[in-house]
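Student: Following this message is one structure expressed as structure tokens.
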Amino acid sequence: MKCSEWEDLIYEYLDGELAQEMKVHMEEHCRSCAACNSRLQTIRQAMAAFRQEICSVEAGDGFTRKVMLEINKREMVSFWSYAVGGVLGSMALVLMLLTIALFPVLQIATRYAIQFISFWLELVAALPFNAVLALLFSAFLVFLAVAMRGVWHMEEGQV
């Protein structure tokens, strides 16, 4: 192998992640190649200095308690976001299933509502009172007609 390929394996070698056979080859190559050996020693010294520096850092008073509190807060937020998401997802599923189940009823109600609205608008156009009042009353009658149509069909068992 070339030196550049050995250099790519230096970190794995230092971390003890190389297979035994590759480890032996790495050691042999570093004994015979001054550049790779120098690179290995430099990285080894840098890692040792880093470990020594890390070990000399101490956490302040209450650090562990603060970290644990923050973790618990995030877990609670995560729990509630999943809970709310689950409830909303369930509601959406129920709404979708109800829509699918009631689709034939909605088609019938819509057809009769359209017929009633066209009849009522022709009737209102012939009457001489306020157009806004007529539209509000018309909307109420449409709602009432659709609701009653559904009730009548439920009583007849045709839903």
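Student: What about Q115, is it within 30 Å of L14 (Cα to Cα) and either touching a Leu at 6+ places or on another chain (Cβ under 9 Å) or modelled with pLDDT of 75 or more (or both)?
Tutor: Working: within 30 Å of L14 (Cα to Cα): no; either touching a Leu at 6+ places or on another chain (Cβ under 9 Å) or modelled with pLDDT of 75 or more (or both): yes.
In short, no.
Student: Right, here's the next one. Determine, yes or no, whether A109 is outside the structural domain of V142 (by TED's automatic domain parsing) and either at pLDDT below 85 or not acidic (D, E) (or both). Quick ask: steps written out before the conclusion?
Tutor: Details: outside the structural domain of V142 (by TED's automatic domain parsing): no; either at pLDDT below 85 or not acidic (D, E) (or both): yes.
Here the answer is no, as A109 does not meet what is asked.
Student: In the range 15-58, what residues are loosely packed, with under 14 Cβ neighbours inside 10 Å, among the aliphatic types (A, V, I, L, M) and in a helix (DSSP H, G or I)?
Tutor: V24, A34, A35, A46, M47, A48, A49, I54
The values are calculated or read from the model by the stated rules, or taken from the named source; none is laboratory data. Please read all numbers here as calculations on a predicted model, not as lab measurements. For neighbour counting, all protein chains shown are included, and Cβ atoms are generated from backbone atoms with ideal geometry for every residue, glycine included.
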